[in-house]
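Colleague: Could you have a look at this structure, given as structure tokens, before my questions?
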Amino acid sequence: MKKMIHASFCLLTLVLLTAPAVAGEITVSAAASLKEAVNEIAEQFVRKHPGTKITRNYAASGTLAKQIESGAPADIFISANEEWMSHLKEKKLVAATSIDTFTRNTLVFAGATTRKISGMHDLPSLGSIAIGSPKSVPAGEYAEEAMRKAGLETQLKGKLILAKDVRESMMYAERGEVDGAFVYRTDALLGRHARILFTVPQQLYPPIIYPMALTTNGTRNREAAEFLHYLKGREAKSVLSRYGFAVD
């Protein structure tokens, strides 16, 4: 009997020693415009940290913030504007001391139209324009501000097609379902059919800053803190630069 117990103990010990370590899990909620870049950065990190699993959730920044507010799992939040980060900070759902700038972007107007469109002044001649819903999509909010400052808000009101996020706006432009769309430069660079028709003058909208932070839950996740640190590093910035993002 003692031999059987000893054998079982040895077998259990062998299994425990040879079993793979429990993988560290990180959940990242990031603005839709960051999808390709963050995917690549996450894959680089995992190669350096075998066994780590990074789950990515991409959507409009406002949608993500509301998900986190409703209790959805997230260790890191990356927004396409400072407004939604501030919203979660006020709710004490992100660690204020961890907030930092991830990257920056530029607003452009893209489309597959053959019409000559060279600036904001040409937009009233178009039939339809896609923008992300300003209530939850920062790109749409930037676009709305640009139209207002350009004095075109009333002229373009009936031409706007609202999209759930900036990627959907770009998809409408790619398919030719609209004459053009307000999107980030990085989204337009990924287009196959639509092209950048003009860059929206910077004085018409606030600087596009992507803040990132650990959520309150994320502060208890050592791997999440390590990944947030990695997002600030040279390798991550190299990836962002290749996708057209501005880095400091």
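Colleague: For residues that are open to solvent by less than 20 Å² (accessible area, probe 1.4 Å) and in contact with a Leu (Cβ under 9 Å, 6 or more places away or on another chain), tally how many sit in region 38-61.
Modeller: Of the residues in region 38-61, 3 are open to solvent by less than 20 Å² (accessible area, probe 1.4 Å) and in contact with a Leu (Cβ under 9 Å, 6 or more places away or on another chain).
Colleague: Further, regarding this structure: What do you reckon, is Lys35 open to solvent by 50 Å² or more (accessible area, probe 1.4 Å), more than 16 Å from the chain's Cα centre (by Cα), farther than 15 Å from Thr215 by Cα and at pLDDT 95 or above?
Modeller: Here the answer is no, as Lys35 does not meet what is asked.
Colleague: For region 198-248, what are the residues that are in contact with a strand residue (DSSP E or B) (Cβ under 7 Å, 6 or more places away or on another chain) and of a type in the set (Lys, Arg)?
Modeller: Correct list: Lys232 only.
Colleague: When region 147-166 is examined, which residues are found to be out of contact with any strand residue (DSSP E or B) (no Cβ under 6 Å at 6 or more places or on another chain) and either crowded, with 23+ Cβ neighbours inside 10 Å or not in a helix (DSSP H, G or I) (or both)?
Modeller: Once the filter is applied, which keeps residues that are out of contact with any strand residue (DSSP E or B) (no Cβ under 6 Å at 6 or more places or on another chain) and either crowded, with 23+ Cβ neighbours inside 10 Å or not in a helix (DSSP H, G or I) (or both), region 147-166 yields Met147, Ala150, Gly151, Leu152, Leu162, Lys164.
Colleague: Considering region 210-232 alone, what residues qualify as being surrounded by 17 or more Cβ atoms within 10 Å (Cβ to Cβ) and closer than 11 Å to Phe102 by Cβ?
Modeller: Those that are surrounded by 17 or more Cβ atoms within 10 Å (Cβ to Cβ) and closer than 11 Å to Phe102 by Cβ: Tyr210, Pro211, Met212, Ala213, Leu228, Leu231.
Colleague: Check Ser238 against each of (1) under 28 Å from Pro134 (Cβ atoms); (2) among the hydroxyl-bearing types (Ser, Thr, Tyr); (3) open to solvent by 20 Å² or more (accessible area, probe 1.4 Å) and name the one condition it does not meet.
Modeller: Of the numbered conditions (1) under 28 Å from Pro134 (Cβ atoms); (2) among the hydroxyl-bearing types (Ser, Thr, Tyr); (3) open to solvent by 20 Å² or more (accessible area, probe 1.4 Å), the odd one out for Ser238 is (1).
Colleague: Could you check region 67-134 for strands (runs of 3 or more DSSP E) lying wholly inside it with 1 or more residues that are acidic (Asp, Glu)?
Modeller: By residue number, 100-105.
Colleague: A follow-up question, please. If we scan region 200-209, do we find a residue that is touching a residue at least 12 places away in the same chain (Cβ under 8 Å), buried (at least 18 other Cβ atoms within 10 Å of the Cβ) and among the β-branched types (Val, Ile, Thr)?
Modeller: yes
Colleague: Which one is nearest to Arg242 (Cα to Cα), of the residues in region 103-127 that are without any contact (Cβ under 8 Å) to a residue 60 or more places away in the chain and either buried (at least 17 other Cβ atoms within 10 Å of the Cβ) or of a type in the set (A, V, I, L, M) (or both)?
Modeller: Among residues in region 103-127 that are without any contact (Cβ under 8 Å) to a residue 60 or more places away in the chain and either buried (at least 17 other Cβ atoms within 10 Å of the Cβ) or of a type in the set (A, V, I, L, M) (or both), the one nearest to Arg242 (Cα to Cα) is Leu123.
Colleague: Which ones in region 178-196 are open to solvent by 20 Å² or more (accessible area, probe 1.4 Å) and over 20 Å from the mean Cα position of the chain (by Cα)?
Modeller: Asp179, Arg192, His193, Arg195, Ile196
Colleague: Counting only residues that are of a type in the set (A, V, I, L, M, F, W, C) and open to solvent by 10 Å² or more (accessible area, probe 1.4 Å), which one in region 62-73 is farthest from the chain's Cα centre (by Cα)?
Modeller: Ala72
Colleague: Looking at Arg175, Arg115, can you tell me which residue is under 23 Å from the mean Cα position of the chain (by Cα) and over 18 Å from Tyr205 (Cα atoms)?
Modeller: Arg175
The values are calculated or read from the model by the stated rules, or taken from the named source; none is laboratory data. Quick caveat: nothing in here was measured; it's all calculated off a predicted structure. Because the Cβ atoms are built from the backbone with ideal geometry, glycine has one as well, and the counts that use them run over all protein chains shown. Heads up: the accessible areas ignore ligands, DNA and RNA and are worked out on the full protein's heavy atoms, side chains in. Shrake-Rupley method; radii C 1.70, N 1.55, O 1.52, S 1.80 Å.
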